[in-house]
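S.K.: Before I ask anything, let me first share the structure, which is written out below as structure tokens.
The values are calculated or read from the model by the stated rules, or taken from the named source; none is laboratory data. If you're wondering where the values come from, they're calculated on a predicted model, not measured in any experiment. Here the Cβ positions follow ideal geometry from the backbone for every residue, glycine too, while neighbour counts run over all protein chains shown. The accessibility values were calculated without ligands, DNA or RNA, using every heavy atom of the protein model including side chains. Shrake-Rupley method; radii C 1.70, N 1.55, O 1.52, S 1.80 Å.
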There are 2 protein chains.
Amino acid sequence: MWKSCPTFVRLVCHPNHFPLSHGCRYVSKPATKTQVEFDYNGPSMKTTVPGPRSQELMKQLGDIQNVGAVNFFCNYEESRGNYLVDVDGNRMLDLYTQISSIPIGYNHPALVKLVTNPNNLSTFVNRPALGILPPENFPDKLTESLLSVAPSGMSRVQTMACGSCSNENAFKSIFIWYRNKERGHNTPSDEDLSTCMINQAPGCPDVSILSFMGSFHGRTMGCLATTHSKAIHKLDVPSFDWPIAPFPRLQYPLEEFSRENAQEESRCLEEVEDLIVKWRQKGKPVAGIVTEPIQAEGGDNHASPDFFRGLRNIARKHGCAFHVDEVQTGGGTTGKFWAHEHWGMDDPADIVSFSKKLLTGGYFQKDELQPYRIFNTWMGDPSKNLFLAEVLNVIRRENLLEEVTRSGKALLNGLYELQAQYPGILSRARGQGTFCAVDVCDDATRNSILFKVICGVEFRVWTWLDLAS
Amino acid sequence: MWKSCPTFVRLVCHPNHFPLSHGCRYVSKPATKTQVEFDYNGPSMKTTVPGPRSQELMKQLGDIQNVGAVNFFCNYEESRGNYLVDVDGNRMLDLYTQISSIPIGYNHPALVKLVTNPNNLSTFVNRPALGILPPENFPDKLTESLLSVAPSGMSRVQTMACGSCSNENAFKSIFIWYRNKERGHNTPSDEDLSTCMINQAPGCPDVSILSFMGSFHGRTMGCLATTHSKAIHKLDVPSFDWPIAPFPRLQYPLEEFSRENAQEESRCLEEVEDLIVKWRQKGKPVAGIVTEPIQAEGGDNHASPDFFRGLRNIARKHGCAFHVDEVQTGGGTTGKFWAHEHWGMDDPADIVSFSKKLLTGGYFQKDELQPYRIFNTWMGDPSKNLFLAEVLNVIRRENLLEEVTRSGKALLNGLYELQAQYPGILSRARGQGTFCAVDVCDDATRNSILFKVICGVEFRVWTWLDLAS
């Protein structure tokens, strides 16, 4: 996967899912076609990409919606495990996994079995309004799926339909908690009730969320006020005057720059405290701090466990909720199910949001952040919880977290070797699990690698460049 | 369905889906249980509601998440057509249809068939990132489903995961369109690009969306700035200083108050124009106007086609986009597929958003509102498009829009008769299709009707009261 950011250009290679090449067998579509179990043993290119059929479909779809970001059309029936097959019969090793949202590969037999199980039929056909009329198996399915991977100190979870909705509602939970804390009780005044109807304070208070430069937390308007990775996401959309802190810019290799990096992280933490004080003085107090454990969309920026422990303490000291956004990092890519587990804390966060590889959106929360006013029509989708429960079974049964750690080491060692071999071109190789990255010296070189080196075949790798340029 | 609003209390009875009692047969779960075709012929109550099993599950779910709004737990396997069966074996006529999101009843055989069709398996198992790697059948499925019901003058559609995301992204489309219009071209300045990264103007401009008091457009932060139906939705969440116009308060029966109602609508339209001028002078120009064709959540407030035609003209005159939010009204409940069709206009809107009974979220848009920067991970869910295509087939095959008009008339006539019979208690009977409502004189009377009269059985009808109090 490739990413660009305003000043640096990085080749980022996090497969974001579990390698499945060791002994997994795949079952193709049942009944109407011949039932065959098979694995692919490598990529196989038949045309340039996008091929003629993709181009034809792109024209057709272009009459209906914007196709500026479409790379090619897929044959998902024929895709298996790590291999994505396109409509022109090209088979590619998929490092991108649908923007990191396919947890155990395409057409995994465990998931195919789940859809064909008649006991699950009703869950697909009858999508309920979960907040008012949940199905009988809903508590059990939550326990089996999300609660079985609950972050340390958290036993409450709210599902949502996507990552942005998860963060939007997590922010709302934080605001409600913060205002109740300020009031000293949960009962709003008449003035609160009347002013909020016309978008005015004190009912709609001037409180804020502190975020980091380089962060990505989604594209709906609340989330977007905390997203600062690329201008193209934010341009032309009204926003809030909320504080934005610098995220550490570490120097690599880490062992050679430990003093400099510690100083850099201290500088950022000091700036966080300064901003909290400054925004309090401005009358826009910081109700919560939101951070990714690894800034993904912003260019794979890492920080040390010490940095995050310091940040968590600052949040506690200033009475701000600490929200860890694991939409991109959650699900095992870093070698632990949650990236924040690498910090080694019993009480890592007040809110942890998720989506993508967890297939359903949502967030875990501490008991005290339990507001009764978070609600919408669907509140998630129980059919996605079914899939997640099965995905977690596969991860456990096949020890996939260990496999991520093992293959992540191989991947990172490979990047180290490459950057030693091409010192003027590649630098800052870094990673956790398979969430690995390396910087390329400039755009042209990056593009040349993109178009010529990967897989030894000249084809277009799907990329954020279309969106970023 | 019952609703309350700050000053009035209404008994609102819009079934929001198609009556299915005429000749439809339902197929129960296949394979593991005996395959039986059957209809229910009426409600059947075994316990008070919530019954003992529901209470047990409520306790279990209460340990995991807030259950303040949960009414009871459902047995969706046993539910059929208009009848919802709970986990205690109670069978109820469902006027509420999962907050108006079940279009053709529970376990419709056409939808059951769709899930069990092996050709659809891959669509359920492999959820793609639609914006970059759509499946081969995506253009065809869009044509078959959404485009086949495209509002007049619109041939472009963008899918989204839910109603709030649809409105959030529709607003963003409006802002981008408006700013490009202001600039006179699509190329942002360096200042635009740098300021937007820190949430400041001109990159994040101070532009606004005009909405109506009583409206509901969702609960994420952008949507919430245009939602003004109940304080409980908005309280404690920061918002934008955007203009809010009065929505007409019509007097009934309409034929007796035609002059007064015309005056009331003129007053509201004048206020809209005044606000547009005022906000332009404040430096927060109105980029778009958003309205529901019938304010649903706000208490079933109707306005005449003349009002909406006037509003559309004001939008055009002042260069604002006109956004019709059909999340609640779209899908046929008013007797036409879109409620705005009752206005009889060739060019009713610039953007029409939808969700709920359309099973997928999204919005239609005019060509000129086609921005290339609307994007997120999933951009909808193709498995929901499959369902929608089949739902539309059923609506056409069974002439359900005509049936809505027919049964809506019967329902409204019944309400007229009731209000004539109880003049001090019921008033303002109104409706379009089955989207019908009547006001009750006060809370206590409403509650007494709720708990005692409906279906002649004393059970708890699911209600917004829990959320509104």
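S.K.: For chain A, with all protein chains present and a 1.4 Å probe, just round the carbon and sulfur fraction of the accessible area to a whole percent.
M.R.: 52
S.K.: With a/c under 1.5 counting as rounded, go ahead and sort region A:124-188 into rounded, prolate or oblate using the C-alpha gyration tensor (a ≥ b ≥ c being the square roots of the eigenvalues; past the cut-off, prolate if a/b is larger than b/c, else oblate).
M.R.: On the way: a/c = 2.09, a/b = 1.70, b/c = 1.23.
Cα axes put region A:124-188 in the prolate bin.
S.K.: Ordered shortest first, which distances in nm separate the 7 Å Cα→C-beta label point of A:E368 from those of the other copies?
M.R.: Nearest to farthest, the other copies are at 5.3 nm.
S.K.: Which aspartates and glutamates, if any, have their Cα less than 15 Å from the Cα of A:K356, not counting same-chain residues under 8 positions apart?
M.R.: In chain and number order, the partners are A:E292, A:E297, A:D325, A:E326, A:D381, B:D381.
S.K.: Under 25 Å Cα to Cα from B:K46, which lysines show up? Leave out anything in the same chain fewer than 8 places away.
M.R.: List returned: B:K29, B:K33, B:K59, B:K452.
S.K.: If you don't mind, another one. Per residue of A:156-167, how many C-beta atoms from partner chains lie within 10 Å of its own C-beta, taken as a mean?
M.R.: 5
S.K.: Okay, moving on. Could you estimate the translational diffusion coefficient of region A:214-327 from the Stokes-Einstein equation, with Rh from the Kirkwood formula over C-alpha pairs, at 37 °C and 0.692 mPa s, in whole µm²/s?
M.R.: 221
S.K.: I would also like to ask the following. Over its Cα atoms, what ratio of radius of gyration to 2.2 N^0.38 Å does region B:68-185 give?
M.R.: Normalised by 2.2 N^0.38 Å, the Cα Rg of region B:68-185 equals 1.45.
S.K.: Which percent of the Cα-Cα distances in region A:206-281 go past 21 Å?
M.R.: Tail of P(r) above 21 Å: 39 percent of Cα pairs.
S.K.: Read phi for every residue in region A:101-109 and hand back ³J(HN,Hα) as whole Hz from Karplus 6.51 cos²θ - 1.76 cosθ + 1.60, θ = phi - 60°, with x for Gly and Pro.
M.R.: Values per residue, Gly and Pro as x: 10, 9, x, 10, x, 7, 6, 4, x Hz.
S.K.: Within 10 Å of each Cβ in B:188-200, how many Cβ atoms from other chains are there, averaged over the peptide?
M.R.: 5
S.K.: Work out the FRET efficiency for A:Q55 and B:S152 from their Cβ-Cβ distance, taking R0 = 41 Å, and round it to the nearest 0.05.
M.R.: 0.85
S.K.: I've got another one for you. Just report the Cα centroid separation between region B:281-354 and region B:63-122, whole Å.
M.R.: What the calculation gives is 31 Å, centre to centre.
S.K.: Sort B:289-296, B:265-272, A:301-308 by the packing proxy (mean of other Cβ within 10 Å over each peptide's residues), most packed first. Can you show the working numbers first?
M.R.: Working: B:289-296: 26.4, B:265-272: 17.6, A:301-308: 20.0.
In descending order of packing, they fall as B:289-296, A:301-308, B:265-272.
S.K.: For region A:120-398, report the convex hull volume of the alpha-carbon atoms normalised per residue, in Å³, without decimals.
M.R.: 148
S.K.: Note down, for chain A, the three equivalent ellipsoid semi-axes (square root of 5 times each alpha carbon gyration tensor eigenvalue), biggest first, whole angstrom.
M.R.: After scaling each eigenvalue by five and taking roots: 36, 29, 21 Å.
S.K.: Output the antiparallel fraction of DSSP beta bridges having both residues in the protein assembly as shown, as a percent to the nearest 5.
M.R.: Antiparallel bridges: around 70 percent, rounded to the nearest 5.
S.K.: Over region B:39-94, what is the relative contact order in percent, taking alpha-carbon pairs closer than 8 angstrom and at least six residues apart?
M.R.: Values: 77 pairs, mean separation 25.0, N = 56.
Contact order relative to length: 45 percent.
S.K.: Lysines near B:K409 by alpha-carbon distance under 19 Å, same-chain residues fewer than 8 away left out - which ones?
M.R.: In chain and number order, the partners are B:K336.
S.K.: Which shape class applies to region A:279-389: rounded if a/c is under 1.5, otherwise prolate when a/b exceeds b/c and oblate if not, where a ≥ b ≥ c are the square roots of the Cα gyration tensor eigenvalues? Could the numbers behind the result be given before it?
M.R.: On the way: a/c = 1.94, a/b = 1.21, b/c = 1.61.
In terms of gyration-tensor shape, oblate.
S.K.: Need the C-alpha centroid separation for region A:162-221 versus region A:370-391, integer Å.
M.R.: Computed from Cα coordinates, the inter-centre distance equals 21 Å.
S.K.: How are the C-alpha pair distances of region B:39-94 spread across 5 Å bins, as whole percents from the shortest bin up?
M.R.: 4, 21, 28, 21, 14, 8, 3, 0
S.K.: If I take every Cα pair under 8 Å that is 6 or more residues apart in chain B, average their sequence separation and divide by the length, what percent do I get for the relative contact order?
M.R.: 23
S.K.: While we're on this one: Solvent-accessible area per residue for the protein assembly as shown at a 1.4 Å probe radius, Å²?
M.R.: 35
S.K.: Mind checking the dipole of the protein assembly as shown: about its Cα centre, +1 per Lys or Arg Cβ, -1 per Asp or Glu Cβ, Debye to the nearest 20?
M.R.: In total the dipole reaches around 760 debye.
S.K.: OK, next. Which FRET efficiency value, to the nearest 0.05, is calculated for B:F257 and A:Q200 with the Förster distance at 35 angstrom and r the Cβ-Cβ distance?
M.R.: 0.60
S.K.: Consider all pairwise Cα distances in region A:141-240 and report the whole-number % of them above 20 Å.
M.R.: Of the Cα pairs, 54 percent sit more than 20 Å apart.
S.K.: Right, next: Which far-off residues, 5 or more places away or on another chain, put their amide H under 5 Å from the one on B:L426, with H placed in the peptide plane?
M.R.: Answer set, sorted by chain and number: none.
S.K.: Continuing with the same structure: Report, please, the projected area of the protein assembly as shown averaged over directions, based on the convex hull of its C-alpha atoms, in nm².
M.R.: Answer in nm², one decimal: 36.0.
S.K.: Filter the cross-link list B:K172/B:K284; B:K181/B:K234; B:K172/B:K366; B:K172/B:K282; B:K282/B:K317; A:K278/B:K284 down to pairs whose alpha-carbon distance in this structure exceeds 23 Å.
M.R.: Values: B:K172/B:K284 16 Å; B:K181/B:K234 32 Å; B:K172/B:K366 14 Å; B:K172/B:K282 21 Å; B:K282/B:K317 19 Å; A:K278/B:K284 26 Å.
Listed pairs above 23 Å: B:K181/B:K234; A:K278/B:K284.
S.K.: Let's see if you can work this out: charge +1 on each Lys and Arg Cβ, -1 on each Asp and Glu Cβ, no other charges. What is the dipole magnitude of chain A about its Cα centre, in debye to the nearest 20?
M.R.: In debye, rounded to 20, chain A gives about 440.
S.K.: Where does chain B land at 222 nm, in deg cm²/dmol rounded to the nearest 500, when only DSSP H runs of n ≥ 4 count, each adding -39500 (n - 2.57), divided by all residues? Spell out each step's value before the answer.
M.R.: Values: 15 runs with 160 residues, N = 469.
Mean residue ellipticity, 222 nm, calculated: -10000 deg cm²/dmol.
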